[in-house]
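Trainee: Take a look at the following structure, please.
Every read-out reported here was derived from the displayed coordinates using simple, explicitly stated rules and does not represent laboratory data. What you are looking at is a predicted structure, and each value in this text was computed from that prediction instead of being measured. Positions of Cβ are backbone-derived with ideal geometry, glycine not excepted, and every protein chain shown enters the neighbour counts.
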Amino acid sequence: MSVLRSRPVLRWLVPAAAAVAVIGGGAAVGTLAAEAEPSLPPRTAAQLLVDLQTSRLEGLSGTVVQRADLGLPPLVGLAPGNDLTTLLTGTHTLRVWYSGPDRQRVALLDTLGERDVIRNGRDLWTWESRGNTARHHTLGDAATAGAPAIEAGPSMPATPQQAADLALGAIDPSTEVSVGRSATVAGRDAYELVLQPRDRDSLVHQLRIAIDAKQHVPLRFEVLAKGSDQPAFEVAFTQVDYRRPDADQFTFNPPPGVSVTEETGERPAAGRPDHTAPTGDPQVRTEGSGWTTVLVAHLDEAAGKSSGATSAATPPAGAPDVSKLLGGLPAVSGDWGSGRLFTSRLITVLLTDDGRVLAGAVTPERLYQVARG
């Protein structure tokens with residue numbers, strides 16, 4: 001169990017951000033780079049884990065930048081859960097405010113408008129400026145008792161806290177935990193906790209978590225692929241303020257002409273991040289756990305037939321042309337069957353001729369093993 005499981009703190013940010021997709025543009029990649037290395041008293045990995053577990057955060061506001069360069073093919077969009085794939089490339093920026101477990105706000109700004117998620121007690125609002133539309137949901141007793149915000153769908157980590165929670169949940173005998181170099185992130189001195197898989201089937205080299213030396217809050221999270229010294233994924237504060245935000249930040253005032261949808265009924269609460277949790281789609285499942293988890297999806301259209309090069313069904317309007325996407329991938333085969341393979345420094349995707357998509361931060365051999373059954 002993750003050491004952050006008992007304390008939601010900023011975990012609400014992830015399902016909230018997933019509810020409104022992602023922004024485009026954002027800060028330059030260079031803003032995520034750490035500043036000069038500070039001199040800090042030595043601390044062990046065990047002490048840093050305790051720091052994360054015992055920190056107390058009353059309030060926070062700041063700017064978070066996420067950058068992803070996973071080398072994913074457009075084929076991933078064929079699988080259910082397209083909201084997730086928009087987070088897997090490019091640089092994205094959001095503003096966050098936190099004032100306890102029942103007051104939180106995320107504002108996502110791009111060149112085309114603004115998208116907000118605001119929680120104030122029982123009230124949960126989402127608003128999108130492009131269509132001037134809003135949704136309002138009244139949370140139940142579980143949410144007001146301090147449970148994390150409701151889960152809206154699949155997500156990539158939107159804050160260093162969420163990414164750290166996912167990573168720490170993977171700590172087991174297959175993980176080596178150590179202390180890295182200290183850093184300055186968002187103007188704050190920070191220790192670095194390093195997680196390194198021992199499983200050779202994983203394409204992940206290290207996960208690095210920069211932890212505020214005084215507040216013990218994750219400030220930056222990085223994923224490095226094997227053979228690379230540049231992060232394939234990182235999410236970091238570029239500015240942070242630990243003062244409690246004003247109450248006005250959590251009051252939603254609908255703009256003139258807004259179209260409001262009232263949502264009724266209970267919605268599922270966000271539980272512990274779990275690589276083996278059901279996805280909610282009967283065509284999608286996960287195999288394995290931890291570093292070598294593999295996502296398996298079944299396509300409605302038998303996109304993989306005849307190696308997908310010529311016989312795929314005509315896609316509906318707006319959908320990717322499966323035959324063109326598959327045609328450029330190398331053909332592979334084995335005792336598991338045959339299909340097409342995409343490889344990158346961190347992600348491997350296998351599309352089988354029987355219509356399956358298998359993907360993970362793993363070697364091709366791991367995908368073949370899962371495909372074999």
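Trainee: May I ask you to derive the FRET efficiency for D123 and E58 from their Cβ-Cβ distance with R0 = 30 Å, giving the value to the nearest 0.05?
Mentor: 0.90
Trainee: Near I118, within a Cβ-to-Cβ distance under 10 Å, what is the net charge of the other residues, with Lys and Arg +1 and Asp and Glu -1?
Mentor: In short, +1.
Trainee: Using θ = phi - 60° and the Karplus relation 6.51 cos²θ - 1.76 cosθ + 1.60, list the HN-Hα couplings for the stretch 54-67 in order, rounded to whole Hz, with x at every Gly or Pro.
Mentor: 9, 5, 10, 10, 8, x, 6, 9, x, 10, 10, 10, 10, 10
Trainee: If packing is taken as the average count of other Cβ atoms within 10 Å, what order do 123-134, 350-361, 184-195 fall into, highest mean first?
Mentor: Per-residue Cβ counts within 10 Å, averaged per peptide and sorted highest first, yield 350-361, 184-195, 123-134.
Trainee: With θ set to phi - 60°, apply the Karplus curve 6.51 cos²θ - 1.76 cosθ + 1.60 along the stretch 125-137 and write out the HN-Hα couplings as whole Hz, x wherever there is a Gly or Pro.
Mentor: Calculated HN-Hα couplings, in order: 10, 10, 9, 10, 6, 4, x, 6, 10, 9, 10, 10, 10 Hz.
Trainee: So, one more: So what are the ³J(HN,Hα) numbers for the stretch 217-230, from phi and the Karplus equation (6.51, -1.76, 1.60; θ = phi - 60°), rounded to whole Hz, Gly and Pro as x?
Mentor: Each residue of the stretch 217-230 in turn: 9, x, 9, 8, 9, 10, 10, 10, 7, 4, x, 9, 9, 10 Hz.
Trainee: Now for a separate question. Taking the simple approach of a point 7 Å from Cα along Cα-to-Cβ for both T44 and N253, what is their distance in nm?
Mentor: 5.4 nm
Trainee: When the chain is fully extended, how far beyond the present Cα-Cα distance does Y242 get from D172, taking 0.36 nm per residue of separation?
Mentor: Using 0.36 nm per residue and subtracting the Cα-Cα distance, I get 22.0 nm.
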